[in-house]
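Notes to accompany the following structure.
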Amino acid sequence: MQLGIRLHDVKKAPIEERVAIAREQGFACAHVALSKLISEYATDDGALTPGFACHLKRVFQKNDMDMAVLGCYLNLANPNQEALQKAQNRYYAHLRFASLCGAGVVGTETGAVNEAYKYEEANHSEEALDVFLRNLEPVVKRAEQLGVILAIEPVFKHIVWNPARARRVLDSISSSNLQIIFDPVNLLDMSNYEAREDIFAEAMEVLGPDIAMIHLKDFVIKDGKMESVAAGTGLMNYERILRFIKERKPYVHVTLENTVPDNAVQARKYIQDLWERA
């Protein structure tokens with residue numbers, strides 16, 4: 001595996017410096033969310049020019065780093081049609097940008113049936129899935145045209161909330177340019193976290209061939225709620241997941257989430273130690 005980090009979890013600095021810091025900390029790749037990283041200049045659709053893409057590509061090459069994910073986490077089930085069109089245009093701009101900067105995938109979650117992008121029971125309905133599929137299809141078509149992989153990330157609170165539902169999306173769209181970001185903790189909720197080993201096993205079995213990259217974080221239960229934390233600081237057992245990676249996903253990008261500058265290296269060393277013993 002190639003172990004990385006979300007750049008917006010690195011010490012605050014210009015993106016060029018953050019890439020260098022991540023490399024100094026021993027990471028091999030990074031998750032890039034432009035809107036969370038850059039405040040000193042524009043990152044709107046019109047700013048994502050070929051020149052900007054080439055600049056970022058050089059920055060990553062200089063530091064011997066891969067851009068594992070170009071994140072575009074917008075709501076593709078937004079009931080506000082104007083906002084939905086803006087979101088789809090944002091995806092098109094990110095896909096074009098990814099084709100030029102060399103990102104592994106453009107990553108996205110799977111939305112909610114409200115403008116606030118919040119959990120409600122209706123997110124898990126068949127009607128919500130139909131809306132998501134309808135709005136996802138043109139984005140995947142653009143990914144095909146540009147030769148880029150769009151990777152969806154199942155999340156319990158969103159429309160694609162479990163492995164079986166994610167499999168349905170893959171089979172319905174039926175495109176080699178649509179794949180999966182596997183974030184084990186995001187499949188959990190207070191209602192199912194005690195069955196997590198079975199859920200992870202199902203995800204790796206049902207989605208395994210289409211997993212393009214992996215997010216790793218941990219979780220704790222605090223005041224009756226799940227809280228995401230850095231790897232190695234919570235309840236997660238990564239043994240089965242790391243064995244899956246070793247056996248079926250050589251050199252896959254694996255980015256750590258929910259680290260802070262003070263524990264990022266510790267989390268990396270924790271996962272690497274488990275990897276060596278897996």
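Each value in this text was obtained by applying a stated rule to the coordinates, not by laboratory testing. Values in this document were obtained by computation on a predicted structure and should not be read as measured data. Quick reminder, even Gly has a Cβ in these numbers, built from the backbone with ideal geometry, and neighbours come from all protein chains shown.
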Study note, to complete from the structure: Only helices counted: for the chain, with every DSSP H run of 4 or more residues adding -39500 (n - 2.57) and the sum spread over all residues, [θ] at 222 nm is -13000 deg cm²/dmol
**Study point:** Assigned charges on the beta-carbon of Lys, Arg, Asp, Glu; the stretch 2-277 dipole about Cα centre (debye)
**Key:** 820 debye
Check your understanding: Do any of K36/K225; K249/K269; K246/K269; K225/K246 go past 28 Å between their Cα atoms, and which?
Key -> K225/K246
Revision key, fill the gap. Whole-Hz Karplus couplings 3J(HN,Hα) for the stretch 62-77, θ = phi - 60° and coefficients 6.51, -1.76, 1.60, Gly and Pro as x, run 4, 9, 6, 10, 9, 8, 5, 9, 9, x, 9, 9, 10, 8, 8, 10
**Study point:** In sequence order, calculated HN-Hα J values of the stretch 99-115 (Karplus, 6.51, -1.76, 1.60; Hz; x Gly/Pro)
**Key:** 5, 9, 9, x, 5, x, 8, 9, x, 8, 8, 10, x, 8, 8, 9, 5
Point to revise | R0 of 25 Å, Cβ-Cβ distance I221-E115: FRET efficiency to nearest 0.05 | key: 0.25
Exercise for review: With a point put 7 Å past each Cα toward its Cβ, work out how far D198 is from R248 in nm, to one decimal.
Suggested key: 1.9 nm
Revision key, fill the gap. The orientation-averaged projected area of the Cα convex hull of the stretch 99-239, in nm², is 9.3 nm²
Check your understanding: How big is the antiparallel share of DSSP beta bridges in the chain, given as a percent to the nearest 5?
Key -> 15 percent
